[in-house]
Amino acid sequence: MPNNTDEIPVYLFLGFLESGKTKFIQETLEDKRFNKGERTLILLCEEGIEEYDLTKFPKKNVEIRKIEDQSELTTANLQRFVDETHAERVIVEYNGMWLVNEFFNAMPESFVVYQVMFFADATTFLNYNANMRSLVVDKLNLCELVVFNRFQNPDDVMQFHKIVRGTSRRTEIAYEFVDGNVSYDDIEDPLPFDVEKPEFVIEDRDYALFYRDIMDDLEKYDGKVITFKGVTTRNPKFPNNTFAVGRNIMTCCEADIQYCWFVAEVDDAAEVREKGWVIVKAKVQVHKHKFYRGKGPVLSVISITDSAPPEQPVATFY
């Protein structure tokens, strides 16, 4: 239970239809170690073949509320469900066809997300990834653990590993095989540059990996001197010594291309080429900055030179 009694822990279970979410939640609530008597609300956003058997829970303290249409996913409805059930925690079986931000935007202020897990049927996941890549990435971006169930061939894990790592380097991966055995992914993914060195170069093909890694693990890069190619831009709100430098990154499709940039500081930013390709060498200094709305990597520019665009202007994880 949370230390702050005003907080309601939320456990968010993601996955497409028939991915094993219901089975996992059922088994979890049957475990006395997890179900010790807390009043629990199951928020059911999609219904599959399996149904919850409330009679098997060691404590009869679980209630279900359904959201059958995305238009019903509102702050008022979520708060009403909590008030009706006097819930002390919320377990969400989320609809795989809905973007996760829709839930985050609807959360009452008291909701605090404690854990996010993504379940996938290994026999259908590759098809979902090929045809609904944006929905897959939406889930992988946020989850702490991916569970691939109904896994058949251990030799196939690499292609699943690559899909997950193409979106997140931090997400844990578990493979649940049809014979009941479970294994955890321990495949090493060394970065294509040596972050242990005090100074290193980010090759054009590695910008997306670099950007995601530095944003995930800021302190690792604090004090390092880096060199990379990017596009500059300025904003009237920027101080005279500040500009932005970065690259467009595509996670899954053209619709999700975003300019992923860093705050950079130089003696006179007015001399920096506007919206031009440059090679920047800079020292990373991690501290709070208003343009990050918190802590972020601020680049103290050592040198900057004009450059031709890279062969692939939009960076990707592949």
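The values are calculated or read from the model by the stated rules, or taken from the named source; none is laboratory data. In this text the structure is predicted, and so the values were computed from the model without any measurement. Backbone-built Cβ (ideal geometry, glycine too); neighbour counts: all protein chains shown. Calculation scope for accessible area: heavy atoms of the full protein, side chains included, ligands and nucleic acids excluded. Shrake-Rupley method; radii C 1.70, N 1.55, O 1.52, S 1.80 Å.
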- Task: Of the numbered conditions (1) open to solvent by less than 60 Å² (accessible area, probe 1.4 Å); (2) not in a helix (DSSP H, G or I), VAL136 fails exactly one; give the number of that condition.
- Result: (2)
- Enumeration of residues in the range 241-283 that are farther than 24 Å from GLU219 by Cα and aromatic (Phe, Trp, Tyr): TRP277
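Do you know which of the residues in the range 115-133 that are farther than 13 Å from ARG150 by Cβ and touching a strand residue (DSSP E or B) at 6+ places or on another chain (Cβ under 8 Å) is surrounded by the most Cβ atoms within 10 Å (Cβ to Cβ)?
By that ranking, first place goes to PHE118.
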- Please enumerate the residues belonging to the range 147-175 that are assigned to a strand (DSSP E or B) and touching a residue at least 60 places away in the same chain (Cβ under 8 Å). VAL147, ASN149, ARG150
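Conditions tested, residue by residue: (1) out of contact with any helix residue (DSSP H, G or I) (no Cβ under 6 Å at 6 or more places or on another chain); (2) touching a residue at least 40 places away in the same chain (Cβ under 8 Å); (3) β-branched (Val, Ile, Thr).
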site: ILE226; (1), (2), (3): yes, yes, yes
site: PHE243; (1), (2), (3): no, no, no
site: GLN258; (1), (2), (3): yes, no, no
site: ALA282; (1), (2), (3): yes, yes, no
- Note on the structure: Of ALA308, ALA282, the only residue that is part of a loop (DSSP other than H, G, I, E, B) and aliphatic (A, V, I, L, M) is ALA308
- Keeping to the range 278-298, report how many residues are open to solvent by less than 60 Å² (accessible area, probe 1.4 Å) and under 29 Å from the mean Cα position of the chain (by Cα). 11
- Task: Kindly establish whether THR55 is at pLDDT 95 or above, over 19 Å from GLU18 (Cα atoms), among the hydroxyl-bearing types (Ser, Thr, Tyr) and loosely packed, with under 15 Cβ neighbours inside 10 Å.
- Result: no
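Looking at this structure, is VAL314 over 23 Å from ARG165 (Cα atoms) and either among the β-branched types (Val, Ile, Thr) or in contact with a Pro (Cβ under 8 Å, 6 or more places away or on another chain) (or both)?
Here the answer is no, as VAL314 does not meet what is asked.
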- List every residue pair whose Cβ atoms lie under 8 Å apart, where the two residues are 6 or more positions apart in sequence or sit on different chains, the first residue falls within the range 49-70 and is of a type in the set (A, V, I, L, M), and the second residue, located anywhere, is open to solvent by less than 50 Å² (accessible area, probe 1.4 Å) and modelled with pLDDT under 90. VAL62/ASN35
- Item | Only one of GLN70, GLN79 that is over 22 Å from the mean Cα position of the chain (by Cα), open to solvent by 50 Å² or more (accessible area, probe 1.4 Å) and more than 26 Å from PHE148 (Cβ to Cβ) | GLN79
- Could you count how many residues in the range 185-200 are surrounded by fewer than 15 Cβ atoms within 10 Å (Cβ to Cβ), modelled with pLDDT of 95 or more and either assigned to a strand (DSSP E or B) or among the β-branched types (Val, Ile, Thr) (or both)? 1
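Report, by residue number, each residue of the range 232-270 that is assigned to a strand (DSSP E or B), under 25 Å from the mean Cα position of the chain (by Cα) and either at pLDDT below 90 or surrounded by 15 or more Cβ atoms within 10 Å (Cβ to Cβ) (or both).
ALA244, VAL245, GLY246, ARG247, ASN248, ILE249, CYS260, TRP261, PHE262, VAL263
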- Note on the structure: Within the range 86-114, residues of a type in the set (Val, Ile, Thr) and open to solvent by 10 Å² or more (accessible area, probe 1.4 Å) come out as VAL112, VAL113
- Could you check, for the range 302-314, whether at least one of its residues is open to solvent by less than 60 Å² (accessible area, probe 1.4 Å) and out of contact with any strand residue (DSSP E or B) (no Cβ under 7 Å at 6 or more places or on another chain)? no
